[in-house]
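One structure is given here, and the rest of the page talks about it.
The values are calculated or read from the model by the stated rules, or taken from the named source; none is laboratory data. Because the structure is a prediction, the values reported are computed rather than measured. Cβ placement follows ideal geometry from the backbone for every residue including glycine, while neighbour counts extend to all protein chains displayed.
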Amino acid sequence: MPRALLLMLILVTGTVVSVSAQNRSRDFGRAADEWCRDVQGYGPRASHCDVREEILTGVNALDVDTGGNGGIRIRGTATGPIRLRTRLYAHADTDAVARDLVSAIQLSTSGGRVRVTGPEDRRREGWAADFEVEVPDSTPLVLNTRNGGIAIEAYAGKADVQTVNGGISLNRTSGEFRGRTTNGGLRIELDGNRWEGRGLDLVTTNGGITLVVPDNYSAELDAATTNGGVKVDFPVTLQRGTSERQQRITTTLGAGGAPLRMITTNGGLKITRR
């Protein structure tokens, strides 16, 4: 199966692998067998999964690219080295072929530049790589995938994240964030009483935005949608945005502070208090 078709199977039958599961902290760091069960047994084809772990030392910045298919999860820690866990898996007509596909995947981590390469696409065969990474919470991040979600929690550094088909989820974060996706939602759960850092800039084309804001939070909010409804559970004035159809909210939360910008073209906008 070509990797693009493999991805569609994963997105339809097992989105929990790369997007939904990434939003549940309790799933982070599960045993290898349990983590692999998420991606095995879909459809009639055989599958194989392998989990690899590595401690990265002497790394001041982390740059992760899945090679195309797979999700990335980041969890910040107060101290310690970078702990990288990689789930490599493949689907094929037989167990032997799936095992050979996984064995042929090459993972490099030199200097904190994490890259994956593997076999070329073949009919009815495909492979993917998911990452879980624990990093000191101010480590600069560059994260890229095409088909999979990106989730970051308990982090306060500088991050640039890109995906095409997958959501972006932030939980208990601050710092300097820039993120883009084409087909996927944005979910941001703020924590504390203000954003510490230069701010947030997230954009999606096809996907909704959910923002959860603690009471008494301070920031400058800029949120907009062009083709989608708006639901806000506290008083705010909707404005016309950069186009006639765009609905935009620009408001000061609390005492103001860092700019938090989140934009969608096709998707709803939901802002709730916590």
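Filter the range 191-202 down to residues that are touching a residue at least 40 places away in the same chain (Cβ under 8 Å) and assigned to a loop (DSSP other than H, G, I, E, B) and give me whichever is farthest from residue 158 (Cα to Cα).
193
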Hits in the range 157-186 (condition: basic (Lys, Arg) and either over 17 Å from residue 264 (Cβ atoms) or surrounded by 22 or more Cβ atoms within 10 Å (Cβ to Cβ) (or both)): 158, 172
Restricting the range 18-46 to residues that are polar (S, T, N, Q) and in a loop (DSSP other than H, G, I, E, B), the residue that is modelled with the highest pLDDT: 40
Unmet criterion (only one of (1) in contact with an Asp or Glu (Cβ under 8 Å, 6 or more places away or on another chain); (2) at pLDDT below 95) for residue 86: (2)
Top-ranked residue in the range 97-133 [being at pLDDT 95 or above and assigned to a loop (DSSP other than H, G, I, E, B); ranked as surrounded by the fewest Cβ atoms within 10 Å (Cβ to Cβ)]: 109
Subset of the range 221-237 [small (Gly, Ala, Ser) and either farther than 17 Å from residue 261 by Cα or assigned to a loop (DSSP other than H, G, I, E, B) (or both)]: 228, 229
Flag if residue 46 is among the aliphatic types (A, V, I, L, M), touching a residue at least 60 places away in the same chain (Cβ under 8 Å), touching a helix residue (DSSP H, G or I) at 6+ places or on another chain (Cβ under 8 Å) and surrounded by fewer than 19 Cβ atoms within 10 Å (Cβ to Cβ): no
Answer residue from the range 134-156, given it is crowded, with 22+ Cβ neighbours inside 10 Å and either of a type in the set (A, V, I, L, M, F, W, C) or in a strand (DSSP E or B) (or both) and is farthest from the chain's Cα centre (by Cα) among those: 135
